[in-house]
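**Q** Shown below is the structure under consideration.
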Amino acid sequence: MKRRILLVDDDLAVLLTLKAVLELQGFEVDSANSSSEAFSRLQSGVYHMVISDLRMETEDSGLEVLRAAHRQSYNPATALLTAYPPNADHGEEDGWSEEYSDSLLIKPLGIKDLLRQVEALLVTHAEKGNADKRRDGRQDMVRAKHSAKSQEGKRRAR
């Protein structure tokens, strides 16, 4: 099964170049050149990863795309693509990208660096998802055990 990526950027040259590079590496890539188009694609498709440019229609429309991605039940990995990274020296909030983005991809981005970062993010995101599932499974077992003990206690009290 091919891994699916939604790539969002209002710069057509960047969009087509990144799409071609990712497709040559075996990814299935859907593209959107606006946040509204991205919202529509998020509703109609299922993606392993969403990569969005930060500045499109507005200064932070890419963050809105990533927020929408995080609301999807299929839980895609997310990466923010920007030529304007946060700068702590100028008083900008350092953690703004981390709230909705698993990774920050800084333009200009070399092909090897892009592919390395995308692969690493997909692996890390999958491992995190598996760890979350194991943790949730353990919590379910603890709840079931507690419920069984509670039911046993109620039976004995009767």
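Just so you know, all these numbers are worked out from the coordinates, no wet-lab data involved. All figures in this text were calculated on a predicted structure; none of them were measured in a lab. Cβ placement follows ideal geometry from the backbone for every residue including glycine, while neighbour counts extend to all protein chains displayed.
**Q** Just subtract the alpha-carbon distance of H70 and Y84 from 0.36 nm times their residue separation and send over the number in nm, one decimal.
**A** So the extension gain works out to 2.8 nm.
**Q** Treating each Cα of the range 4-133 as an identical point scatterer and ignoring solvent, apply the Debye formula and state log10 I(q)/I(0) at q = 0.17 Å⁻¹.
**A** -0.85
**Q** Can you compute the modelled spin-label distance between D60 and Q25, with each label point 7 Å from Cα toward Cβ, in nm?
**A** Modelled inter-label distance: 2.9 nm.
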